[in-house]
Amino acid sequence: MRPALSEAVVHRVTVWPLQIPLRWRVCHASAQRTVSDPIVVELELTNGVTGYGEAVPRSYLTGETAESVDVAISMDLVPAISTLRASTFSEALEAAERLPWLDHNEEPMPSARAAVELALLDAVMRTFRRTMNDVVQWMELTAFGTPGSMDHIRFSGLLATEDASLLMRQLRKLYWRGFKDVILKVGMPGDAERLEKVWAYLKKPLRGGRMSLRLDANGRWSAGAARKWFAQCSHMTIAAWEQPLSRGDEDDLPEFREFLKIPLIHDESLTNAEDAQRLVDLGVADAFNIRINKCGGLLPSLRLAEIARRAGARIALGCMIAETSILSAAGLRFLQVCPKVPWAEGCFGRWLLSSDVVRKSLTSGLGGRPPKLSELGWGIEVERARLEALCDGHSRVFQL
């Protein structure tokens, strides 16, 4: 018997490993790359509705690789959704929240999980014609809902290069396009000199409160090295410092934070609710960088946002620098219902990617203003022809 249109039953899953050249070389303390290698999950229901998710695996962030994500999807996550038969939106959300966090080797797989969870959410929101307000209502997040942070949020500009000339060209472009917040990647050779150039260019608007500057070290330093480095820039107006110490050095954070006297944003140290609670218990939960790809999907990311809200921590919506518009759209949906988010990264779109997988790439506008989405699911139109053109080798198809 053919399922009713209001029933969600998974029919086919296709995994697309992509290779997308970048417009410029991205550099930070943990990696350098000229090509993006996302893994797109295409999930088709028996009613013909298709949803999309995306993983951008980074071994230094979650311990995952492109190979481990591919294996986890095929061996752990596809079997987990193969028996899905949801006749209501609530049943579909319960299935999404039950997706496993550990693979068959008992290793965490948050990026792989996020890709499948996002594809499932996209498909079921389209099937049952539900919105993010329905999602947070089901999650009983009473403080969440539209317009969330969309009335005030502006995306941050990113400086992630070792090339001082390119850095200054990008900085001038961000300034004249009206960006109010800038992130500088540090922890690389020559970063003190690059910071001085940025400070010299932005000194007046930073001191006047018209712009803000954040530093992101990607867990590069020990506490001693970080203290020495930051002493060199103590005269500068820095809004926050993101992940100065390595994951695993959280016990050093209370003393380091007292020395620093500016807010800490936790990124690599924050992947799940247990991490969040530990940071709260240590008394250092100034701000959480919540990245959907890193945190296991949209539903876990919203749970982390609720922990942050209750603890009085600020929320930074993070992104994967070389993500496609699929992950960017999920980030926008997060912003639509999460209140009081002061910082957001993402929607780099064709500014960074040489190509995208959607008809209209999501790129922030003047001043970092967020792009608009259509109504259902992620509100984007993924084109199969673009997936085929960008696919690195062969896609994998799982017929259920």
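Values computed for the structure shown
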item	result
Dimensionless Rg/Rh of the chain - Kirkwood Rh, Rg from C-alpha atoms	0.96
Cross-link partners of K372 among lysines (Cα-Cα below 25 Å; sequence separation of 8 or more within a chain)	K173, K180, K294, K340, K360
Top of A192, A96, A316 by mean-square fluctuation, Gaussian network on the chain, Cα under 10 Å	A192
Selected from H152, H235, H11 as most flexible by GNM, with the chain as the system and alpha-carbon contacts under 10 Å	H235
Highest-MSF residue in the chain out of G53, G346, G187 [GNM, Cα springs under 10 Å]	G187
Residue-span extension gain [Q232 to S59] - 0.36 nm each, minus C-alpha spacing	59.2 nm
Convex hull volume per residue for the stretch 18-150, taking Cα atoms only, in Å³	150
Rounded FRET efficiency, nearest 0.05, which uses the C-beta distance separating R12 from E67 and R0 of 22 Å	0.45
Additional length obtainable on full extension of the chain from L400 to L166, 0.36 nm per residue less Cα span	79.4 nm
Per residue solvent-accessible surface (Å²) - the chain, probe of 1.4 Å	40
The stretch 291-343 and the stretch 233-279: distance between their alpha carbon centers, rounded to Å	18
Relative contact order (%) - the chain, alpha-carbon pairs under 8 angstrom, separation at least six	21
Difference of contour (0.36 nm per residue) and Cα-Cα distance, R359 to I262	30.8 nm
Residue among G208, V186, A223 farthest towards the positive dipole end of the stretch 180-233, charges placed on Cβ	G208
Structure-based [θ]222 nm, the chain - -39500 (n - 2.57) summed over DSSP H runs of at least 4, per residue, nearest 500	-10500 deg cm²/dmol
Accessible-area value, D163, 1.4 Å probe, nucleic acids and ligands omitted, Å²	70
Cα centroid separation - the stretch 62-80 against the stretch 130-178, whole Å	28
Mean Cα-pair separation over length for the stretch 254-378, i.e. relative contact order, pairs under 8 Å, 6 or more apart, %	19
Rounded percent of accessible protein surface that carbon and sulfur make up, the chain, 1.4 Å probe	48
For the stretch 245-313, diffusion coefficient by Stokes-Einstein and Kirkwood Rh (Cα), 10 °C, 1.306 mPa s, µm²/s	132
Antiparallel DSSP beta bridges within the chain, as percent of all bridges there, nearest 5	55
Relative contact order [Cα under 8 Å, 6+ residues apart], the stretch 326-400, whole percent	29
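The values are calculated or read from the model by the stated rules, or taken from the named source; none is laboratory data. Owing to the predicted nature of the structure, the values given are computational and were not obtained by experimental measurement. As a convention, Cβ positions derive from the backbone with ideal geometry for all residues, glycine included, and neighbour counts pool all protein chains shown. Surface areas here come from the heavy atoms of the whole protein model, side chains and all, with no ligands, DNA or RNA. Shrake-Rupley method; radii C 1.70, N 1.55, O 1.52, S 1.80 Å.
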